Amino acid sequence: MLGLLMLAIAVSIDGLAAGMAFGMKKIVIPLSSILIVGISSGGVIAVSMPLGNVLQAVIPQHFSHWIGAVIFICIGLLSLFSQNPIQADRDHSGEISAREALTLGIALSVDSIGAGVSAALLGFTIWLTAVTIAVSCASFIWMGSYLGQHMSCFIRNRYLSYIPGLLLIVLGMIKLL
């Protein structure tokens, strides 16, 4: 269960940073858009985990755990070195529309593809993992937006972008033990 929570935080915390960036710019993220982002994140996990299950049927269990852990570490390292800000409010309306939320959700979920495969290789349950990540992603976007709007003078957003990568590396290293 601790592994699932770490995974959910690792693949969702970039939503906190994105939400904070939008909040600081006073860009509104309606509840419907927050839900779209969460559902798309959970959906990416739900779609990618069956691939991990197929691989698990072919690869011996002790080796599949090792592969899953190494994938987490690699995704974490890639995340540390590819920090790209997300420009989601394309129409500059000051609000994230449903279409923009879908784009944002997919952009925030790219690292979830490998994480979903890894999670399946490590024995995580598909539906529980997908729901947990959907809820955590939506929650982190909302919290980030709130914090960005109300505490923008105190928050330094640039350091938050390193947390997802570090969490995935730690999760992978724990799974190697």
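The values are calculated or read from the model by the stated rules, or taken from the named source; none is laboratory data. Note that this is a predicted model, so its numbers are computed, not measured. Here the Cβ is made from the backbone with ideal geometry for all residues, glycine too, and neighbour counts use every protein chain on show.
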### Query
Taking ALA17, is it among the small types (Gly, Ala, Ser) and in contact with a Pro (Cβ under 7 Å, 6 or more places away or on another chain)?
no
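Rundown of residues vs (1) out of contact with any strand residue (DSSP E or B) (no Cβ under 7 Å at 6 or more places or on another chain); (2) among the aliphatic types (A, V, I, L, M); (3) under 19 Å from ALA138 (Cβ atoms); (4) modelled with pLDDT of 90 or more, yes/no style:
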| position | (1), (2), (3), (4) |
| --- | --- |
| ILE36 | yes, yes, yes, yes |
| GLY43 | yes, no, yes, yes |
| PRO50 | yes, no, no, yes |
| PHE63 | yes, no, no, no |
| GLY68 | yes, no, no, no |
| CYS74 | yes, no, no, no |
| GLN87 | yes, no, no, no |
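Which of the residues spanning region 7-34 are over 15 Å from CYS137 (Cβ atoms) and modelled with pLDDT of 85 or more?
Filtering region 7-34 down to residues over 15 Å from CYS137 (Cβ atoms) leaves 21, 23-28, 30.
Listed by number, the residues that qualify are VAL28, PRO30.
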## Note on the structure
Of those in region 121-137 that are at pLDDT 90 or above, surrounded by 24 or more Cβ atoms within 10 Å (Cβ to Cβ) and of a type outside the set (Ser, Thr, Tyr), the residue nearest to ILE34 (Cα to Cα) is CYS137
